[in-house]
1. Using the structure shown, decide if residue 269 is at pLDDT below 85 and in contact with a Leu (Cβ under 8 Å, 6 or more places away or on another chain).
2. Just a yes or no: is a residue in segment 9-23 more than 20 Å from residue 88 (Cα to Cα), of a type in the set (Phe, Trp, Tyr) and out of contact with any Gly (no Cβ under 7 Å at 6 or more places or on another chain)?
3. Could we say that residue 31 is in contact with a Pro (Cβ under 7 Å, 6 or more places away or on another chain) and either in contact (Cβ under 8 Å) with a residue 24 or more places away in the chain or among the aromatic types (Phe, Trp, Tyr) (or both) here?
4. Under 27 Å from residue 370 (Cα atoms), touching a residue at least 40 places away in the same chain (Cβ under 8 Å) and touching a helix residue (DSSP H, G or I) at 6+ places or on another chain (Cβ under 6 Å) - does that describe any residue in segment 109-118?
5. Given the options 188, 139, 206, name the one that is out of contact with any Pro (no Cβ under 7 Å at 6 or more places or on another chain) and closer than 22 Å to residue 373 by Cα.
6. Within the set of pairs 6 or more residues apart or between chains, which connect a residue that is in the same structural domain as residue 41 (by TED's automatic domain parsing) inside segment 90-105 to a residue that is crowded, with 18+ Cβ neighbours inside 10 Å and outside any helix (DSSP H, G or I) with Cβ atoms less than 7 Å apart?
7. Which residues, counting only those in segment 1-53, are farther than 17 Å from residue 149 by Cβ and among the charged types (D, E, K, R)?
8. Check whether at least one residue in segment 18-41 is of a type outside the set (Ser, Thr, Tyr), over 26 Å from the mean Cα position of the chain (by Cα) and farther than 18 Å from residue 101 by Cα, and report yes or no.
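The values are calculated or read from the model by the stated rules, or taken from the named source; none is laboratory data. Keep in mind it's a predicted model, so treat the numbers as computed, not measured. We place every Cβ from the backbone using ideal geometry, glycine too, and count neighbours over all the protein chains shown.
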Amino acid sequence: MLFLLLLLLPSQLGLHFWPSWSFVSGLPVDYLSPTLYFTDLLIILLLTFWVFRSIRLIKSIKINWFFVAVVAFAVANIIFSYSPPLAFYKWLRLTEYFFLGLYVHRNSSSLFTIYYSLPLAIIWASGLAWWQFLRQSSVGGLWYWLGERSLTITAPGIAKISLGDLGLRLRPYSVFPHPNALAGFLLVSGLIVYYFYSQKKFKLGVWSLVIAAATLPMTFSRTAIFLELLLITLWIFSKFRLKFVFKILSVFLLLTIYYLLFTKIGNPSSLPERLTQYSLAYNVVQKHPLFGIGLSNFIPYISANYQLTTNNYNLSLQPVHNIYLLLASELGLPVLFTIFYLFFNVVKKLLVGKQLILTTALVTVLVSGLSDHYWLTLHQNSLLLTILISLIYSNLTLNYEQRTNN
């Protein structure tokens, strides 16, 4: 069951519901819509079978003060949120991710499943992305049942890229809600595959890594491309002995490529729009520094409390493109600082255990989160983040047990 879940992890096939609180100014907003994904059904079946098989193990789980504090905060965050039903739905999602992560952590056999299923997911999602880019439209047919949406370059709100004399081109979505989310998936899932490949070589892993590396630039996600180039450069430095001058030239080339990506290719208006979002989020944090406005409440709160011009009204229909500002505005500064503390300690322990690949994967999430929100707001990326955190926690637990036994 876990194999199928990870194989279909990129899929966004789901049934959307549209209660009144999922609309902003009469417009339906995907981010606010309660959705039952096909992968949700797989998770429910997986956890149900696990509960019946592991009742003793589940009963042995102790409830500590941290768990009680999280539950109490969640209840308060829902009650005092701008839209309590929306906050409740998002906390329900987090509960789902928590139990999925617990399952992966508690079942050592799940590691073998990730070993094969994630590379296959990378390959089929990348294949569809290439097909879309060459067609400059969605493929349709059976791909619809994997969650592919209708894509045409003339559709309003579609992600396009300006390639100079080549004109505007459709950025491939694969089965993700946005090309940036596809890029984040390829980057982090590739690092997870490389983590397993470093322990045991397998051809499927090599092919998936090559395909992911080749597909990611086609998303034209500037942050993800920069991180990919940086990671490849660091990998070359670690594997080959290069003279100092070649290392300097490599870094210079990397910065030059990124400069061209940032200034010559893309949507020039995206940066001012994001800066406007950051300013709005900062104002929200100033007004609600302790408890925030409620999980997943950024969109309806901004729409109701700020006057936006016609040119930037679409900003009120999407979360702020920064996971830290998003967390601070929806949950408050104390929660953000607590998360910082936890992640700092995790990174420190990973470095002590010489787990450089897992450290790199986690840092990649944290850095890419500076310029986008998909790790917190999109189901596929949140599932992948859940898998990564579970792997990290399992690794830290194993290292702790080994040190204790020795």
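1. When the stated conditions are applied, residue 269 does not pass them.
2. No.
3. When the stated conditions are applied, residue 31 passes them.
4. Within segment 109-118 (the criterion being under 27 Å from residue 370 (Cα atoms), touching a residue at least 40 places away in the same chain (Cβ under 8 Å) and touching a helix residue (DSSP H, G or I) at 6+ places or on another chain (Cβ under 6 Å)), the answer is yes, since at least one residue qualifies.
5. Being out of contact with any Pro (no Cβ under 7 Å at 6 or more places or on another chain) and closer than 22 Å to residue 373 by Cα holds for just one of 188, 139, 206, which is 188.
6. 90/295; 90/296; 91/295
7. Residues satisfying the conditions are 40, 53.
8. Scanning segment 18-41 turns up at least one residue that is of a type outside the set (Ser, Thr, Tyr), over 26 Å from the mean Cα position of the chain (by Cα) and farther than 18 Å from residue 101 by Cα.
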